[in-house]
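Input: a single structure, listed below in structure tokens.
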Amino acid sequence: MTHPKATHTLGVGVLVSGTGSNLQALIDAEITVVAVASNVAGVPALERALAAGIPTGVFPLEDYAGRNERDAAMAEWLSSLGVGLVVCAGYMHLLRPVFLTRFPGRVVNVHPALLPAFPGAAAVEDALAAGVTETGATVHLVDEGIDTGAVLRQEAVPVLPGDTAETLHARIRVVEHRLVSEVVRELIAR
Ligand code: GAR
């Protein structure tokens with residue numbers, strides 16, 4: 001009798017706030033995403049999820065007493081759908097410990113810079129302003145800090161003469177899409 005191939009046991013949940021190109025990359029890589037949560041209603045990322053038939057949840061901060069309550073509700077919803085691995089794909093709020101402790105060591109983030117360089121919400125603009133000739137993309141574990149968790153994968157991306165934030169971010173996104181798909185595939189196959 002042959003042993004069954006190891007099956008993917010961790011349901012993947014994706015947190016978004018905006019465009020959702022990294023979510024789309026996961027969908028296109030045929031990674032089964034079981035839930036998509038956003039802190040912002042009406043964003044393109046939610047449309048992408050709907051188009052792919054993935055359940056969506058919207059958790060705006062203003063609907064809750066505070067961040068702890070919002071993050072607890074979001075964690076509960078993701079858990080109820082079988083999520084065991086959370087991917088922050090352009091999710092622009094920090095996650096509280098009440099969320100992180102529900103998925104210990106199982107929350108990853110995509111960041112558009114070579115961390116620890118240029119953490120925060122304006123990494124592409126900050127790299128351009130600093131005049132560096134190279135920046136990049138990072139996939140890292142999420143802890144309570146701002147882009148401080150252990151790096152899982154990163155890859156350099158050149159800054160080219162004449163780059164704007166848009167052209168540079170587009171070049172970085174191409175790398176992010178590949179890295180996040182590879183890392184998620186590795187984590188769910190363990
Ligand atoms: C991505 O470039 C991601 O690295 C960045 O937001 C973009 C979202 O794009 N995240 C951060 O800056 C987090 N600090 P997407 O919505 O098209 O995936």
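Residue check: A127 meets all listed conditions (1) surrounded by fewer than 19 Cβ atoms within 10 Å (Cβ to Cβ); (2) among the small types (G, A, S); (3) touching a residue at least 24 places away in the same chain (Cβ under 8 Å) but one, namely (1). Of all the listed residues (G13, G82, G90, G105), the sole one being surrounded by fewer than 17 Cβ atoms within 10 Å (Cβ to Cβ), within 19 Å of L152 (Cβ to Cβ) and touching a residue at least 12 places away in the same chain (Cβ under 8 Å) is G105. Could you check segment 92-112 and list, in sequence order, the residues that are near the ligand (Cβ under 7 Å from one of its atoms) and either farther than 15 Å from Q24 by Cα or of a type outside the set (V, I, T) (or both)? Result: M92, N109, H111, P112.
Just to verify a result, which residue in segment 51-69, among those that are under 18 Å from the mean Cα position of the chain (by Cα) and not in a loop (DSSP other than H, G, I, E, B), is surrounded by the fewest Cβ atoms within 10 Å (Cβ to Cβ)?
Initial filter on segment 51-69 (under 18 Å from the mean Cα position of the chain (by Cα)): 52, 54-60.
Now restrict to residues that are not in a loop (DSSP other than H, G, I, E, B): 56-58.
Working: T56: 17, G57: 18, V58: 15.
Among those residues, the one meeting the criterion is V58.
Among the residues here, V142 does not qualify as under 19 Å from the mean Cα position of the chain (by Cα) and within 16 Å of L114 (Cβ to Cβ). Can you tell me which residue in segment 34-53 is farthest from the ligand (Cβ to nearest atom), limited to those that are out of contact with any Ser or Thr (no Cβ under 9 Å at 6 or more places or on another chain) and of a type in the set (A, V, I, L, M)? Looking at residues that are out of contact with any Ser or Thr (no Cβ under 9 Å at 6 or more places or on another chain) and of a type in the set (A, V, I, L, M), I get V34. Looking only at residues of segment 3-20 that are modelled with pLDDT of 95 or more and either β-branched (V, I, T) or out of contact with any Pro (no Cβ under 9 Å at 6 or more places or on another chain) (or both), we find that the one that is nearest to the ligand (Cβ to nearest atom) is T19.
The values are calculated or read from the model by the stated rules, or taken from the named source; none is laboratory data. Nothing here was measured: the structure is a model prediction, and the numbers come from that model. For neighbour counting, all protein chains shown are included, and Cβ atoms are generated from backbone atoms with ideal geometry for every residue, glycine included.
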